[in-house]
Amino acid sequence: MFIVLLRFAQRDRAAQAMQGHKQWLQRGFDDGVFVLAGSLQPDLGGAVVAHRTTRAALQQRVNEDPFVAEGVVRAEVFEITPSRGDDRLKELLA
């Protein structure tokens, strides 16, 4: 499982790349790789939880995000090896 932090580097450029970023997010959900996405508060950027992928494949996917490609955000990928979780998260822990 992975957490991707997308921290604003050039927030003023976000509007011009927003449509492409939303399409990128939707592809991640459609492909079954992204399971959660949202904003970092207060207005720091965004975060994505991903699973069923490799670090290399996820890094390639992250690099294709228009926000990343155009320098709107800086991306950090963190890998988590779950060892314990609530029963409601069984799908993610498998």
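The values are calculated or read from the model by the stated rules, or taken from the named source; none is laboratory data. Please read these numbers as outputs of a predicted model, since none were measured by experiment. Neighbour counts run over all protein chains shown; Cβ positions are idealised from the backbone, glycine included.
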(request) Filter segment 8-39 down to residues that are over 11 Å from the mean Cα position of the chain (by Cα) and part of a strand (DSSP E or B), then give me how many there are. (result) 1
(request) Just give me the residues in segment 60-70 being surrounded by 11 or more Cβ atoms within 10 Å (Cβ to Cβ) and either outside any loop (DSSP other than H, G, I, E, B) or of a type in the set (A, V, I, L, M, F, W, C) (or both), in sequence order. (result) Gln60, Arg61, Val62, Pro66, Phe67, Val68, Ala69
(message) For segment 40-59, check the following and say yes or no: at least one residue is at pLDDT 95 or above, surrounded by fewer than 13 Cβ atoms within 10 Å (Cβ to Cβ), farther than 22 Å from Ala9 by Cα and among the hydroxyl-bearing types (Ser, Thr, Tyr).
(response) yes
(request) Give me a count of the residues in segment 48-71 that are under 17 Å from Ala37 (Cα atoms) and not aromatic (Phe, Trp, Tyr). (result) 15
(message) Considering only residues that are of a type in the set (D, E, K, R) and free of Cβ contacts under 8 Å to residues at least 12 places away in the same chain, which ones fall in segment 1-26?
(response) Asp12, Lys22
(message) Among the residues that make up segment 71-91, is at least one of them surrounded by fewer than 11 Cβ atoms within 10 Å (Cβ to Cβ), of a type outside the set (Ser, Thr, Tyr), modelled with pLDDT of 95 or more and more than 12 Å from the chain's Cα centre (by Cα)?
(response) no
